[in-house]
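Participant: Encoded as structure tokens, here's the structure I'll be asking about.
The values are calculated or read from the model by the stated rules, or taken from the named source; none is laboratory data. These numbers come from a predicted model, not from an experiment. Quick reminder, even Gly has a Cβ in these numbers, built from the backbone with ideal geometry, and neighbours come from all protein chains shown. Areas reflect the complete protein model, heavy atoms only, side chains present, ligands, DNA and RNA absent. Shrake-Rupley method; radii C 1.70, N 1.55, O 1.52, S 1.80 Å.
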Amino acid sequence: MHIGKVLRIFFPFMFLLILASLVGNVVSIVGAIEVDRRTDEKVSLLTSKFQKLDMGHLEGLFAQFVAVRSDENRSALSLAENAVLSGFSNLTYNNFSFLGDQAGIIQAQIKRLRSNIERLSPIVGAEGFVDDPEDVLKILQVQRHQLQSAEFSVRRAIVELSNDNATSLRQHYTVQVTLILFLVALAAIWITTLFKQNNELERARQTESKRADLLIDRLNHDADTGVINRSVLLQRMQETHRSLSSDQKLSVVCIRLANQSADKDLKIQPVDPQALMAAADLLRHATDLHINSGCVARASGNRFLLMIVTDNGVGLTPKEFVQTLLSLFKRPVVTQNGSCTLVPAIGLSEAAETERNHTQTIENAELAAENANLQETRNYVEYHPSMRADADRRAAVERALPYAINANDCLPHFQPQFDLKTGCVTGVEALARWYHPDLGWISPTEFIPIAENTGQIVQLGWKMLETSCAEVQLLPGELSLAVNLSVIQIFNDDVVAMVKECLDRTGLPAHRLKLEVTETVVMQDLKRIQTALSNLQKLGVRISLDDFGLGYSALTYLTDIHWDEIKIDGTFAAKAVRDNKQTDILKMVLEIARTLGSDVLVEGIETVDQCDTLVQLGCTNGQGYLFGGPMAIDDVKALFFPKRTANG
């Protein structure tokens, strides 16, 4: 049985049972004592009645009467006889009933004695004549002995009764002592068990208390770095702000870290946990060394938050402290996995004097750090209210985007692609455009990154592909259609089946569809991308390498995947027009493309000089604002196919 049930049920039940037995035994003892008291009273009464049966006195008076037969002796003898008879009459059965089985025997003896005395009465009462006085005396002596025998029987019965009562009382007392010992033992065991359980509960409480403290500590601290988290920082900011003096200032610094690879020209890499731990130690040390009051907290991802309290005119200002942090991160950070260089993007926000909810202050610092992160130098930015407006707009765009996708508000616009020698339209590129009734036209550079971050780029991409495939068939001829393909779409295991389903549903021939993939997409997983693009080409779809020259332009990406088209970025082409070295590089790229059997298309052509130079270099296809920007399908028909539009 569980110890809890023992304490709740067994011990109380046994305790009450023994206590009830103890009370019952006490009642029995009191009853036995009362019976013994009443027995004593009856014995006293019976003894007094036996004392009145003085047969010796009757015997003496009879002897006197025989010796001197006088009227006086006769009267005395008669009175004595009447007294004895009266005494016998008072000895009823009730006087002996308390003697139990002996009562009947004693009562029979008393009756015989009385009967014998009554037989003597006529003799004693004769007119002074006794035939044989000696016989009477003998009878009286016998009666006296019988009375003594009866009295002895009574006394023996009383003694036996007293012994029985005494034995019964001793038994009751023995039971009483035993019950008391049981009760004391049970109480001792109960108390011991309670004490033991109390100790166990106390140990469990201490264990749970330590566990709760550990859980609270885990809830309040970051598991990777050991610093406090954002919620604890917010509490400390509110407590600190209430105790600020008039010459003190509360500020929040947000540090967004990235791990720069050994080749500084390569992109910023994610930060591993070991580097984050080293960064936390570095920030704690800097805060303790340069700031009188402050603390370090971990935000989500690679971000840290610092609360600092500075004194006006004493010590470092918030801006000077930020510059100190920037200098600290110029040195490599040493971890168990080796050294690495951390690149910080720092945002600074000062708390308003009337600020009560410092969530706003933290968000302002994070907005400033986000703006610093967008800068190439990833340096330091101080919060400005305009950042809040930009953040609110991004939030509004993010909220509205799912509804816009479902309502087909994000529509494709088409930018024409030309044969640079003939000026004929050879194809169009579908570019997403979105008009919001409250926010106005929203640029793809604004909502596409949001769609990628929220995972909505997949739904948006397939809707754009299907709508574009349907609308391009409204244009005359066999114009090609170029559509961007995101990395998430490519990584979808059903990408080939989905493209085929789209072509079947819209009726667009596969050879007219050209899917554009950026170099950064290829870098995600070369083998997986290579397999997906090869399967798409088996459908008859053409594959184009987009934005060539904008990124790293690794030749391995040109040779590992067969590209039907290489699309050269406009900035690369613009440099080639102004710089002879860039011109030679462009010539080399054109030669490589011809060797690989890939077509070349140059985008971003904006001037006639650029167009002429590209034609001289051998470029045959291009697009750009020199010829026309993205426009609705009806505008493409009206501008570039007016006769066919007029003919219906």
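Participant: Only residues in the range 501-530 that are closer than 25 Å to Phe414 by Cβ and basic (Lys, Arg) count as the first member; pair them with residues that are open to solvent by 60 Å² or more (accessible area, probe 1.4 Å) and not in a helix (DSSP H, G or I), Cβ under 9 angstrom, at least 6 apart or cross-chain, and list the lot.
Facilitator: Short answer, once both residue conditions are applied: Arg512/Glu478; Arg512/Arg542; Lys514/Arg542.
Participant: Note down all Cβ pairs under 9 Å where the first residue falls in the range 438-457 and is closer than 18 Å to Asn406 by Cα, the second is of a type in the set (Phe, Trp, Tyr) and crowded, with 16+ Cβ neighbours inside 10 Å, and they're at least six residues apart or on different chains.
Facilitator: Trp441/Trp434; Ile442/Trp434; Pro444/Trp434; Phe447/Trp434
Participant: Go over the candidates Ala497, Ala532, Ala510, Ala482 one by one and state the one that is closer than 17 Å to Gln459 by Cα and not aromatic (Phe, Trp, Tyr). Steps first, answer last, please.
Facilitator: Numbers: Ala532 fails: closer than 17 Å to Gln459 by Cα; Ala510 fails: closer than 17 Å to Gln459 by Cα; Ala482 fails: closer than 17 Å to Gln459 by Cα.
Checking each option against the conditions leaves just Ala497.
Participant: Can I ask one more? Please specify each residue of the range 363-405 satisfying the condition of being among the aromatic types (Phe, Trp, Tyr) and buried (at least 19 other Cβ atoms within 10 Å of the Cβ).
Facilitator: Within the range 363-405, the subset among the aromatic types (Phe, Trp, Tyr) is 380, 383, 403.
Once the filter is applied, which keeps residues that are among the aromatic types (Phe, Trp, Tyr) and buried (at least 19 other Cβ atoms within 10 Å of the Cβ), the range 363-405 yields Tyr380, Tyr383.
Participant: Are there any strands (runs of 3 or more DSSP E) wholly within the range 406-462 with 2 or more residues that are open to solvent by 50 Å² or more (accessible area, probe 1.4 Å) and not charged (D, E, K, R), and if so which?
Facilitator: Those strands (runs of 3 or more DSSP E) span 425-436.
Participant: State the number of residues belonging to the range 468-478 that are crowded, with 19+ Cβ neighbours inside 10 Å and either more than 12 Å from Cys502 (Cβ to Cβ) or out of contact with any Cys (no Cβ under 9 Å at 6 or more places or on another chain) (or both). Please lay out each step first, then the result.
Facilitator: First, the residues of the range 468-478 that are crowded, with 19+ Cβ neighbours inside 10 Å: 468-469, 471-472, 475.
Right, trim to either more than 12 Å from Cys502 (Cβ to Cβ) or out of contact with any Cys (no Cβ under 9 Å at 6 or more places or on another chain) (or both) and you get 468, 471-472, 475.
The total comes to 4.
Participant: Let me ask something additional. Output the residue which, of all residues in the range 190-208 that are hydrophobic (A, V, I, L, M, F, W, C) and either touching a strand residue (DSSP E or B) at 6+ places or on another chain (Cβ under 9 Å) or open to solvent by 90 Å² or more (accessible area, probe 1.4 Å) (or both), is nearest to Ile9 (Cα to Cα). Before you say what the answer is, go through the steps one by one.
Facilitator: Here is the first cut: in the range 190-208, the residues hydrophobic (A, V, I, L, M, F, W, C) are 190-191, 194-195, 201, 204.
Now drop any that are not either touching a strand residue (DSSP E or B) at 6+ places or on another chain (Cβ under 9 Å) or open to solvent by 90 Å² or more (accessible area, probe 1.4 Å) (or both), which leaves 191, 195, 201.
Details: Ile191: 14, Phe195: 17, Leu201: 19 Å.
Ranking the candidates gives Ile191 first.
Participant: Just checking, which of Met631, Met588 is open to solvent by 20 Å² or more (accessible area, probe 1.4 Å) and under 20 Å from Glu471 (Cβ atoms)? Can you show your working first?
Facilitator: On the way: Met588 fails: under 20 Å from Glu471 (Cβ atoms).
Answer to the check: Met631.
Participant: Just checking, does the range 200-222 include any residue being under 24 Å from the mean Cα position of the chain (by Cα) and in contact (Cβ under 8 Å) with a residue 12 or more places away in the chain?
Facilitator: So far as the range 200-222 goes, yes, one or more of its residues are under 24 Å from the mean Cα position of the chain (by Cα) and in contact (Cβ under 8 Å) with a residue 12 or more places away in the chain.
Participant: If Gln176 satisfies every condition in (1) surrounded by 11 or more Cβ atoms within 10 Å (Cβ to Cβ); (2) touching a residue at least 24 places away in the same chain (Cβ under 8 Å); (3) more than 30 Å from Leu22 (Cβ to Cβ) but one, which is the exception?
Facilitator: Every listed condition holds for Gln176 apart from (3).
Table: residues versus (1) open to solvent by 50 Å² or more (accessible area, probe 1.4 Å); (2) farther than 19 Å from Glu452 by Cβ; (3) out of contact with any Phe, Trp or Tyr (no Cβ under 6 Å at 6 or more places or on another chain).
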| site | (1), (2), (3) |
| --- | --- |
| Ile488 | yes, no, yes |
| Val495 | no, no, yes |
| Lys500 | yes, yes, yes |
| Lys514 | no, yes, yes |
| Val521 | no, no, yes |
| Lys527 | yes, yes, yes |
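Participant: Looking at (1) under 20 Å from Phe414 (Cβ atoms); (2) without any contact (Cβ under 8 Å) to a residue 60 or more places away in the chain, which is the only condition Asn621 fails?
Facilitator: (2)
Participant: Given the conditions (1) under 58 Å from the mean Cα position of the chain (by Cα); (2) open to solvent by 50 Å² or more (accessible area, probe 1.4 Å); (3) at pLDDT 85 or above, and given that Leu555 satisfies all but one, which numbered condition is not satisfied?
Facilitator: Of the numbered conditions (1) under 58 Å from the mean Cα position of the chain (by Cα); (2) open to solvent by 50 Å² or more (accessible area, probe 1.4 Å); (3) at pLDDT 85 or above, the odd one out for Leu555 is (3).
Participant: Inspect all residues belonging to the range 595-602 and state whether any of them is open to solvent by 60 Å² or more (accessible area, probe 1.4 Å) and under 26 Å from Pro412 (Cα atoms).
Facilitator: Scanning the range 595-602, I find at least one residue that is open to solvent by 60 Å² or more (accessible area, probe 1.4 Å) and under 26 Å from Pro412 (Cα atoms), so the answer is yes.
Participant: Tell me which residues, restricted to the range 372-404, are within 20 Å of Glu320 (Cα to Cα) and not aliphatic (A, V, I, L, M). Lay out the reasoning, then the answer.
Facilitator: To start, the set of residues in the range 372-404 that are within 20 Å of Glu320 (Cα to Cα) comprises 372-373, 377-384.
Hits for the range 372-404 are Asn373, Thr377, Arg378, Asn379, Tyr380, Glu382, Tyr383, His384.
Participant: Anything in the range 304-358 that is open to solvent by 80 Å² or more (accessible area, probe 1.4 Å), part of a helix (DSSP H, G or I) and without any contact (Cβ under 8 Å) to a residue 60 or more places away in the chain? List them, or say none.
Facilitator: Glu320, Gln323 - these are the residues of the range 304-358 that are open to solvent by 80 Å² or more (accessible area, probe 1.4 Å), part of a helix (DSSP H, G or I) and without any contact (Cβ under 8 Å) to a residue 60 or more places away in the chain.
Let's see how each residue does on (1) in contact with a helix residue (DSSP H, G or I) (Cβ under 9 Å, 6 or more places away or on another chain); (2) farther than 30 Å from Asn357 by Cα:
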position: Thr174; (1), (2): no, yes
position: Ile191; (1), (2): no, yes
position: Arg205; (1), (2): no, yes
position: Leu215; (1), (2): no, no
position: Leu250; (1), (2): yes, no
position: Ala258; (1), (2): yes, no
